[in-house]
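What follows is one structure encoded as structure tokens, with my remarks underneath.
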Amino acid sequence: LAGLNLVLPLQYAYDDGPYKTNKTFKEMIHTNLRVLFLTNPGERIMDYNFGIGIHRYLFENMSPSIVSEIQTKVYEQVARYMPAVKIHNFQVTKNESQNRLNIKMSYYVEGSAAFELFEMGVTK
């Protein structure tokens, strides 16, 4: 079976070719969202605007202005790089004791009525 895109981080899977692939659109979207969150702006040579760079917020106090800044970046980046994905709800919270950001986002794909949930934890 051919896949839609590669699972990241890369994993060997000889059934798919040398690397494991995402088989569903949901898996593909979640991989693409993880890449978008974890890439720092300026990291992609051909597109310096790509990426949210969520790691840089790990040591910030989660003030309303920081939460608003993250939310704005997420909405802008998803609209620009994943235009078929429509965000319904986005939340970012910080677990101070673990120095972890928790991201929770509900979304739907344009043309679909079904909502999906994307969750991700970010630590250093």
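Every number here is computed from the coordinates shown, using simple stated rules; none is lab data. All of these numbers come straight from a predicted model, not from anything done at the bench. Please note: Cβ atoms are built from the backbone with ideal geometry, for glycine as well, and neighbour counts cover all protein chains shown.
Here are the numbers for the structure shown:
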item	result
Approximate spin-label separation GLU110-VAL35, in nm, with each point projected 7 Å along Cα-to-Cβ	1.9
Calculated from backbone phi, Karplus (6.51, -1.76, 1.60) coupling profile of the stretch 34-50 in Hz, x at Gly/Pro	4, 4, 4, 5, 8, 7, 7, x, x, 6, 8, 4, 7, 8, 5, 7, 5
Karplus-derived 3J(HN,Hα), 6.51/-1.76/1.60, for each residue of the stretch 76-91, Hz, glycine and proline x	5, 5, 5, 4, 7, 9, 9, x, 6, 8, 10, 6, 9, 8, 9, 9
Per-residue ³J(HN,Hα) for the stretch 61-72, Karplus 6.51 cos²θ - 1.76 cosθ + 1.60, θ = phi - 60°, Hz, x for Gly and Pro	6, 7, 6, x, 5, 5, 4, 5, 4, 4, 4, 4
Solution diffusion estimate, µm²/s, Stokes-Einstein, the stretch 23-124, Kirkwood Rh from C-alpha pairs, 4 °C, viscosity 1.567 mPa s	92
Label-to-label distance, nm, for residues given as GLU27 and GLU76 (7 Å Cα→Cβ offset)	3.4
